[in-house]
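Note sheet for the following structure.
Bear in mind that the values in this text are calculations on the coordinates, not laboratory data. What you are looking at is a predicted structure, and each value in this text was computed from that prediction instead of being measured. Virtual Cβ from ideal backbone geometry, glycine too; neighbours counted across all protein chains shown.
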Amino acid sequence: MAQSTREIKRRISSVNSTKQITRAMEMVAAAKLRRAQQRVEDNRPYEEKMRQAIFRILNQAKTISHPLMESKGQDLPAGHIIMAADRGLCGGYNVNVAKAAAEHIGENKESTKIIAVGKYVRDYFKKRDYNVISEYLDIEDYPSFDRPQMIAEAVEQMFSDGVIGEVYLTFAEFQNAMIQRPVTRKILPMSKEAFLPPEEESENADDTEQNNQDPAETAGLEDQIYKFEPSAGAVLGGLLSSYMKSTLFRALLESKASEQGARMTAMKNATDNAEDMIEELTLSYNKARQGAITQEILEVVSGAEAAK
């Protein structure tokens with residue numbers, strides 16, 4: 001029985017050490033999440049204004065086109081950018097993103113070229129014999145614009161050269177610390193529909209709210225006339241390329257926020273489980289100790305009775 005209590009005490013000490021580690025990781029992830037979430041929110045207005053600018057050009061110059069908006073044909077392979085984490089200990093975040101991408105690829109495995117962002121994605125798809133043509137690893141917790149710019153330029157070049165006919169992007173869309181939703185979007189070739197105003201602004205706006213706004217702000221984007229220098233096509237080309245980079249940058253920011261949110265939640269669950277386990281072990285220890293004391297008392301009483 002004494003050996004049993006020593007073993008239980010050792011396990012309590014071990015679980016308590018693990019709990020301290022998981023609590024520290026939870027606190028670090030929470031601090032990183034706040035900053036990552038702020039960067040996501042700060043980037044959204046920039047991307048929205050760029051989307052509006054592109055929509056104005058496309059709406060004003062009805063016949064304008066650009067190579068990034070032109071289909072390359074059905075026989076070319078597709079490119080698929082997949083973003084996940086370099087590290088684990090973040091619950092089901094990595095595997096959920098990878099499975100969402102694999103499900104989208106489906107039976108087109110042989111005709112899909114994968115651009116892996118993060119070590120988990122690279123390892124997951126290489127082990128399953130997918131065609132991983134490039135990898136971007138060791139992404140910072142607070143990414144700069146350099147990485148998405150590099151990825152966008154490489155993908156645009158492959159698309160322009162006819163190496164790939166379309167490009168998809170899979171990443172975890174950040175909603176809150178508890179919810180990260182894997183999404184897959186087609187980013188090349190771009191379509192005019194991708195730049196339409198959101199439904200809540202263009203179709204479902206509240207009448208009273210509209211009446212309280214400045215008419216200049218509520219005027220439809222299609223009613224605004226612009227003069228483009230040197231030409232609408234040149235301006236559109238620069239904006240589409242910048243929008244591509246901005247899209248990848250936002251996806252990378254949301255991926256990092258999702259990673260930290262998932263890690264914080266996973267570490268909190270691990271800490272809670274450790275506390276529950278310590279309570280159970282402590283109860284077992286007390287029972288074992290009580291049993292040992294009772295056994296000793298019985299032995300003393302039995303010895304005293306035998307001595308009479």
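Annotations for the structure displayed:
- Extension gain for Ser284-Ser71 works out to 69.9 nm (0.36 nm per residue, less the C-alpha to C-alpha distance).
- If the chain linking Arg6 and Glu110 were pulled fully straight, counting 0.36 nm for each residue of separation and taking away their Cα-Cα distance, it would gain 31.7 nm.
- Over region 226-289, the pair-distance histogram of Cα-Cα distances with 10 Å bins from zero comes to 18, 19, 16, 14, 12, 9, 7, 5, 2 percent, rounded to whole numbers.
- Phi angles of region 238-250 translate, via the Karplus equation with coefficients 6.51, -1.76, 1.60 and θ = phi - 60°, into HN-Hα couplings of x, 5, 5, 5, 5, 5, 4, 5, 5, 4, 5, 5, 5 Hz per residue; Gly and Pro are given as x.
- In this label model, Leu196 and Ile21 are separated by 5.2 nm, measuring between points 7 Å along each Cα→Cβ vector.
- Mean projected area of the convex hull spanned by the Cα atoms of region 1-159, taken over all viewing directions: 14.3 nm².
- The chain, relative contact order [Cα under 8 Å, separation at least 6], %: 34 percent
- Placing +1 on the Cβ of every Lys and Arg and -1 on the Cβ of every Asp and Glu, with nothing else charged, gives region 1-73 a dipole about its Cα centre of roughly 380 debye.
- Distant alpha-carbon pairs in region 90-188 (separation over 24 angstrom), percent: 21 percent
- Size descriptors for region 1-93: radius of gyration and Dmax over Cα atoms are 26.5, 87 Å.
- The chain, dipole about Cα centre (Lys/Arg Cβ +1, Asp/Glu Cβ -1), debye to the nearest 20: 1520 debye
- Computed from label points 7 Å out along Cα-Cβ, the spacing between Ala234 and Lys127 is 5.2 nm.
- Of Ala31, Ile82, Leu58, farthest towards positive along the dipole that unit charges on Lys, Arg, Asp, Glu beta carbons give region 26-124: Ala31
- On a per residue basis, the convex hull of the C-alpha atoms belonging to the chain measures out at 195 Å³.
- On full extension, the segment bounded by Gln38 and Glu135 gains 32.2 nm, given 0.36 nm per residue less the C-alpha separation.
- Here's the list of lysines a cross-link from Lys72 could span, going by alpha-carbon distance under 17 Å and ignoring same-chain residues fewer than 8 apart: Lys113, Lys186, Lys192.
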